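Undergrad: Provided herewith is a single structure, encoded as C-alpha cells, for subsequent inquiry.
Bear in mind these aren't lab numbers, they're just calculated from the coordinates by the rules spelled out. Computed from a predicted model, the values in this text were never measured in an experiment. Neighbour counts are summed over all protein chains in view; Cβ atoms, including those assigned to glycine, are modelled from backbone coordinates with ideal geometry.
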Amino acid sequence: MTELLSGIRVLDLTNVLAGPYCAYQLALLGADVIKVEVPQGGDLARQLGGSPTLNSAGMGASFLAQNAGKRSVVLDLKKPADRERFLDLVASADALVENFRPGVMDRLGLGYEALKAVRPGLVYCAISGFGQTGPMRDNPAYDQIIQGLSGIMSITGTPETAPLRVGYPVADTLGGLVGAFAIASALVRQKTNGEGAFLDVSMLECTLSALGWQVSNYLTAAVDPQPMGNENMTAAPSGAFRTGDGLLNIAANKQEQFVALCRLIGRPELAVDPRFAERETRKRNRAALKVEIEDALAGAAAAVWEETLNRAGVPAGRVLTIPQVLAEPQVLERQVTANFEGVPGMDRPLTVLRGGFMVDGAAPLPTKPPPALGEHMDEVFADLPPRAKTKARA
C-alpha cells in the first residue's frame, strides 16, 4: 500500500487526547509526525492510565493509545536556543498541530504569523475547547466540560438518570478527528498552490456538529431533545432488549423489518395489533411493545437471536464488553490492532488500535511503537538542514 501522506511532515505539539489523536490519524496514513515535548515529563498523558508502573515510566496507557508511529524530540520553547531549533523544524514541516489555550503560542513568539514567515505554506491547526475567539476562548476545557456544555450529557441516560457523561472522552475524540480532517484538506490546497492555512478547531463546535439530529429536531421541529436511555426516538422497536442470556440491540426501523421480527420471535400477531401496526403507533406504545418482545426473546440467548435476526435482514447485535469485542472474529480478521515488542517500560508486547478504515484493502498501521520521551533527538536534528538554507516547500 502506498501511504496516503507519505512525504508529509507534521509537528505535534499537543498533549493528552484531542491533539495527539489528531496527529495519530496522520501518522497512520504515513505522515512523519514529530512530537515536540517539554523536557520535564513531556506529554501529560505519559503519566495517565490504568498501570501505575507505566505511568511512572513515562509510558502511560493513555499515551500509548494514540502516539504510535510518531517520533519524539524535547524542546523548551521558553529558551531562545530551543526556539531556534524549533524554527528549524518548522522550516522543514508541512503542518503543525497544537492544543494550547488561545494566545500561548503568540506569547512565545511562535504564533501562526511568526511561523508563516519561516514556512510560508504552513498548515497550522490550533485545537482548543472553544476556539480562538469568543467570550469563552480563555476558559480551560476538558472533555467532561465540553460534554456538559454541548448538551451531550443532557440527552445521555434515562429520564431518571440523566444527565450522564458518555463513557469515553467523546468530545476530545471528535476534536481530534475534525482536526485531522481539516489538516488533510488544507494539505491538498497546499500541494496545489503552496498556500497554507490557519485552522481553528473548537471542541465545543465539533461536538455540536456531531449532535446534528438532536440539534436539528430542536431548530427545525421545535422538539427539545430528551434522554431516552437505550431507546431510539426515530423508531420502535429500536433499542436494547433482554433475552434469555444477555442484552440484544434490535433496530427494526422499517416496516418489513418489524413484520419479520414478529414472525421470527413467534409473535406474528404483534404486526397487526393496532397499537403496533404502524411506525407512529409503535413509537407511542414502545413500552408495551418492549414488554411483548422481551417476553418472546426470553426463550433463547442473545447470540442465538443475533444470528437468527441478521440472517433474515433484521439488524441485531449483542451488547458486548470491550474485552469481548476485541476477541470477536470480525475485529480480528480486519486487523484492527497492531503489536509491538520491546516497548520501554513494558514487560509484554504492546497492542494499539489503528484508525477506522482500510486503504486499497490494507489496514493503515503504525510503523513504530510510541516513542520514549526525546527518543529521536539525534535522528531528527541530524537530518535537518540549517534554516537559512531551507527553501520554502510547496
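Undergrad: Name the residue farthest towards the positive end of the dipole of the chain from the options 217, 369, 299, assuming +1 on Cβ of Lys and Arg, -1 on Cβ of Asp and Glu, about the Cα centre.
TA: 217
Undergrad: Show me the ranking of peptides 363-369, 141-147 by mean Cβ neighbours inside 10 Å, starting with the highest.
TA: 141-147, 363-369
Undergrad: Answer rounded, prolate or oblate for the range 1-123, using the Cα gyration tensor with square roots of eigenvalues a ≥ b ≥ c: rounded when a/c is under 1.5, else prolate when a/b is larger than b/c, else oblate.
TA: It comes out oblate by the Cα gyration axes.
Undergrad: Taking amide H atoms as placed 1.01 Å from N in the peptide plane, list the residues 5 or more away in sequence, or in a different chain, whose amide H sits under 5 Å from that of residue 197.
TA: Those lying under 5 Å, H to H, from residue 197 are 123, 124.
Undergrad: Here's another thing I want to ask about it. Defining a contact as two alpha carbons under 8 Å apart and six or more residues distant in sequence, what relative contact order in percent does the range 8-159 show?
TA: 22 percent
Undergrad: Mind running the shape call on the range 211-317? Use the C-alpha gyration tensor, a ≥ b ≥ c as the square roots of the eigenvalues: rounded below 1.5 for a/c, prolate if a/b tops b/c, oblate otherwise.
TA: Prolate.
Undergrad: Further question on the same structure: Quote the charge dipole size of the chain about the Cα centre in Debye, to the nearest 20; the model charges only the Cβ of Lys and Arg (+1) and of Asp and Glu (-1).
TA: My answer is approximately 540 debye.
Undergrad: P(r) for the range 254-377: what percent of alpha-carbon pairs falls in each 5 Å bin, starting at zero?
TA: Reading upward from the zero bin: 2, 9, 13, 14, 11, 10, 8, 8, 8, 6, 5, 4, 2, 0, 0.
Undergrad: Among rounded, prolate and oblate, which fits the range 308-363 when a ≥ b ≥ c are the square roots of the eigenvalues of its C-alpha gyration tensor, a/c under 1.5 means rounded, and a/b larger than b/c means prolate?
TA: oblate
Undergrad: Now for a different question. Can you give the charge dipole size of the range 189-256 about its Cα centre, rounded to the nearest 20 debye, using +1 on the beta carbon of Lys and Arg and -1 on the beta carbon of Asp and Glu?
TA: The calculated dipole for the range 189-256 is roughly 180 debye.
Undergrad: Then there is this: Using amide H atoms built in the peptide plane, which far-off residues or other-chain residues are under 5 Å from residue 33 H to H?
TA: Hits under the 5 Å cutoff: 10, 71.
Undergrad: Separate question: Straight-line reach only, C-alpha to C-alpha below 27 angstrom: list the lysines that residue 254 could link to, leaving out same-chain residues fewer than 8 apart.
TA: In chain and number order, the partners are 283, 290.
Undergrad: Return 90, 215 ranked ascending by Cβ neighbour count within 10 Å, so the fewest neighbours appear first.
TA: Arranged by neighbour count, lowest to highest, 90, 215 become 215, 90.
Undergrad: Taking the Cα centre of each part, how many Å lie between the range 200-215 and the range 20-84?
TA: The range 200-215 and the range 20-84 have Cα centres separated by 27 Å.
Undergrad: With an 8 Å Cα cut-off and a minimum separation of 6 or more residues, compute the relative contact order for the chain in percent.
TA: Value for the chain: 20 percent.
Undergrad: Ok, one more. With θ set to phi - 60° and the Karplus curve 6.51 cos²θ - 1.76 cosθ + 1.60, what are the ³J(HN,Hα) couplings of the range 26-33 in order, to the nearest whole Hz, using x for Gly and Pro?
TA: 6, 5, 4, 8, x, 5, 7, 9
Undergrad: Just for the chain, what percent of DSSP beta bridges are antiparallel, to the closest 5?
TA: Beta bridges within the chain, antiparallel portion: roughly 35 percent.
Undergrad: How about the range 321-394: which trypsin sites (Lys or Arg not before Pro) there are in a DSSP loop, with at most 11 other Cβ atoms within 10 Å of their Cβ?
TA: Filter output for the range 321-394: 391.
Undergrad: Trypsin sites (Lys or Arg not before Pro) within the range 60-106: which are DSSP loop residues with at most 14 other Cβ atoms inside 10 Å?
TA: Those satisfying the criteria are 78.
Undergrad: Taking loop as defined by DSSP and a crowding limit of 10 other beta carbons within 10 Å, which trypsin sites (Lys or Arg not before Pro) in the range 240-302 fit?
TA: Filter output for the range 240-302: empty list.
Undergrad: Let me ask something additional. Find which of 323, 308, 162 sits farthest along the positive direction of the dipole of the chain, computed with +1 on the beta-carbon of Lys and Arg, -1 on that of Asp and Glu, about the Cα centre.
TA: So the residue we want is 162.
Undergrad: Would you mind ranking 325, 38 so that the residue whose beta carbon has the fewest other beta carbons within 10 Å leads the list?
TA: With the fewest neighbours first, 325, 38 line up as 325, 38.
Undergrad: Ignoring the sites themselves, what is the longest stretch of the chain with no GluC sites (Glu not before Pro) in a DSSP loop and at most 16 other beta-carbon atoms within 10 Å?
TA: 4-159
Undergrad: Is there a pair in 35/368; 78/191; 35/79; 79/116; 35/78 whose C-alpha atoms are over 22 Å apart, and which pairs would that be?
TA: Correct reply: 78/191.
Undergrad: Can you list the residues, at least 5 places off or on another chain, whose amide H is less than 5 Å from the amide H of residue 243, using H built in the peptide plane?
TA: Amide H neighbours of residue 243, under 5 Å, 5+ apart: 248.
Undergrad: Can you sort 219, 89 so the residue with the fewest Cβ neighbours within 10 Å comes first?
TA: So the residues, fewest neighbours to most, are 219, 89.
Undergrad: Dipole of the range 1-67, Cα-centred, from +1 at each Lys and Arg C-beta and -1 at each Asp and Glu C-beta, to the nearest 20 debye?
TA: So the dipole magnitude of the range 1-67 works out to roughly 80 debye.
Undergrad: Which whole-number percent of Cα pairs in the chain have a distance greater than 26 Å?
TA: Percent of Cα pairs beyond 26 Å in the chain: 61.
Undergrad: Could you check which residue among 317, 30, 374 shows the biggest mean-square fluctuation in a GNM of the chain with a 10 Å Cα cutoff?
TA: Top of the fluctuation ranking is 317.
Undergrad: Another question, if that's okay. Apply the Karplus curve 6.51 cos²θ - 1.76 cosθ + 1.60, θ = phi - 60°, to the phi angles in the range 318-333 and return the couplings in whole Hz, x for Gly and Pro.
TA: Once θ is set to phi - 60°, the couplings for the range 318-333 become 4, 8, 10, 7, 4, x, 5, 5, 5, 9, 5, x, 4, 5, 5, 5 Hz.
Undergrad: Taking the Cα centre of each part, how many Å lie between the range 137-194 and the range 251-318?
TA: If you average the Cα positions of each part, the centres end up 35 Å apart.
Undergrad: To the nearest 500 deg cm²/dmol, what mean residue ellipticity at 222 nm is calculated for the chain from DSSP H runs of n ≥ 4 alone, each contributing -39,500 (n - 2.57), summed and divided by the residues?
TA: Result for the chain, helices only: -10500 deg cm²/dmol.
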